[in-house]
Amino acid sequence: MTEIFKGSFTQQEPIPDEGIAAALEVMQSGRLHRYNLVGDEVGETALLEQEFAAYVGAKYALAVASGGYAMATALRAVGVKPGDRVLTNAFTLAPVPGSIASVGAVPVFVGVTESLTIDLEELAAKADQAKVLMLSHMRGHLCDMDRLMEICNSADITVIEDCAHTMGAAWKGRPSGRDGLVGCYSTQTYKHMNSGEGGFFVTDDDEVMARAIILSGSYMLYGRNGTVPPAEVFERVKYVTPNVSGRMDNLRAAILRPQLRKLDKQCAAWNERYATVEDGIRGTPGLTVVERPAEETFVGSSIQFLLLDWKDSAVAEVMKRCVDRGVELKWFGGAEPVGFTSRYDSWRYAPSERMPETDRILKGIVDMRLPLTFSLNDCAQIARIIRAEVGAVFQAQA
């Protein structure tokens, strides 16, 4: 009998009971706004900022409305102006070039390797084209951060890290988001903590943080934030930094604080599922597993594999055959964006030149979510289905 997978690829775990109780307490108080506090009370959002800063080892953390907002705020806070050029990955999701375009800057795309990380040789070649790199750790893949920082430091490039898919990950033990000047994270439902929408901005730089707090819409209430630079720093920036409101509220912070406490356990659970699928598809004819470097501590909340140099029609056939058996795969090589998949040539607001080697890799990238609502047996079944359907299509086109 042909196996059919019955699970949902978009079903997340419930919010922890502790988070629900804390959220109810906030709602019963009526004081959802982060600055609606009584006396010297420290609100849920400020407490979350303190806890997240401690978790990643940063001096400062700012809780904001989304990961995309964190990236745009980072660009503004480091001084990017309209017309400036900003380096970024050709393989990423639309909010990354979107954040660059939102401040009037121009993305300059850097290619992708078969490891699904930014091409460091190409980055070095383009290092004279911009003074800021918005580095996307796309789908949780970390490049050689030592080499990347060497390139950027030599060229005086400021690095902002998009860590939407790497919360809880590390390179040689250094938490993702801590090599660059700013780290940006997301707590959108499909990320590693779930508040529906939300995000974090972290840095060790006093002035960058002060600008970010003003940008987020603190008015002159910045002393109530959880991690606050010295008052004299705000005096330098408060009259010349615009309010571009994007605060997190106490309700979402209350939901997130218990999730942060169990994040390491959740990351381990994702990696068990990732390993089960990876083991099951390894060795499938025509399929390339993306190998992870030993220096990388990753979080396997999704998995990618490559169908390199396949015909578009054959990849589409794999997608169809798998979805007919209940396995939802996403393909980054399609000519038109579908759902969250898109390519650098989809973002027509951003000028780009053809990148043949990157195009070859993008055409082969297949992506799949791994929600924690899947059991290990579910993951083994999914791997069997992928292996069977990829093998069948590969054999038919051979």
Seminar exercise, completed: A 1.4 Å probe over the protein heavy atoms gives the chain a carbon and sulfur accessible-area percentage of 51 percent
Problem set entry | Principal-axis tilt of helix 44-56 within the chain, Cα atoms, nearest 10 degrees | 60 degrees
Problem set entry | Environment charge of P293, counting only residues whose C-beta is closer than 11 Å and scoring Lys/Arg +1, Asp/Glu -1 | -2
Seminar exercise, completed: Asserting the computed 222 nm helical MRE of the chain (DSSP H runs at least 4 long, -39500 (n - 2.57) per run, divided by residue count, to nearest 500) equals -12000 deg cm²/dmol
Seminar exercise, completed: Rounded to the nearest 10 Å², the 1.4 Å probe accessible area of F9 is 10 Å²
Exercise. Counting only protein chains, not ligands or nucleic acids, how are H33, H165 ordered by accessible area (probe 1.4 Å), most first?
Worked result: H33, H165
Exercise. Of D312, D206, which has the most accessible area with a 1.4 Å probe, and how do the rest follow in descending order?
Worked result: D312, D206
Exercise. Just how much of E150 is accessible, in Å², when a 1.4 Å probe is used and the result is rounded to the nearest 10?
Worked result: 100 Å²
Seminar exercise, completed: Computed on Cα atoms, the radius of gyration and Dmax of segment 1-141 in angstrom are 20.4, 67
Seminar exercise, completed: Among L120, C143, A105, the residue whose Cα sits farthest towards the positive end of the charge dipole of segment 103-159, when +1 is placed on the Cβ of each Lys and Arg and -1 on the Cβ of each Asp and Glu, is A105
Seminar exercise, completed: In degrees, nearest 10, the alpha-carbon axis of helix 206-215 is tilted away from the dominant principal axis of the alpha carbons of the chain by 90 degrees
For this session: For segment 285-398, just the Cα atoms, rotate onto the principal axes and tell me the three extents in Å, largest first.
Result: 45, 38, 28
For this session: Give, rounded to the nearest 20 debye, the magnitude of the charge dipole that the chain has about its Cα centre when Lys and Arg contribute +1 at Cβ and Asp and Glu contribute -1 at Cβ.
Result: 680 debye
Seminar exercise, completed: The Cα extents of segment 1-62 along the principal axes, largest first and rounded to whole Å, are 66, 33, 16
Seminar exercise, completed: Computed on Cα atoms, the radius of gyration and Dmax of segment 174-227 in angstrom are 12.6, 34
For this session: May I ask you to order 84-93, 98-107 by the average number of other C-beta atoms within 10 Å around their residues, highest value first?
Result: 84-93, 98-107
Exercise. Quick one: what do you get for the chain if you divide its Cα Rg by 2.2 N^0.38 Å?
Worked result: 1.00
Problem set entry | Nearest 10 degrees, 0 to 90: helix 67-77 Cα axis against the chain principal axis | 50 degrees
For this session: Report ³J(HN,Hα) in whole Hz for each residue of segment 255-260, in order, from the Karplus equation J = 6.51 cos²θ - 1.76 cosθ + 1.60 where θ = phi - 60°; Gly and Pro get x.
Result: 5, 7, 4, x, 5, 4
Problem set entry | Of K6/K265; K131/K238; K262/K330; K311/K363; K126/K172, pairs whose Cα-Cα distance is over 18 Å | K6/K265; K131/K238; K262/K330; K126/K172
For this session: Write down the accessible area per residue of the chain in Å², having rolled a 1.4 Å probe over the full set of protein chains.
Result: 41 Å²
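Quick one: work out the % antiparallel among DSSP beta bridges in the chain, nearest 5.
Close to 65 percent.
The values are calculated or read from the model by the stated rules, or taken from the named source; none is laboratory data. Not measured: the values here are computed from a predicted model. Cβ coordinates were reconstructed from backbone atoms using ideal geometry, including for glycine residues, and neighbour counts include every protein chain displayed. When the accessible area is computed, the model is the full protein with side chains, heavy atoms only, and any ligands, DNA or RNA have been set aside. Shrake-Rupley method; radii C 1.70, N 1.55, O 1.52, S 1.80 Å.
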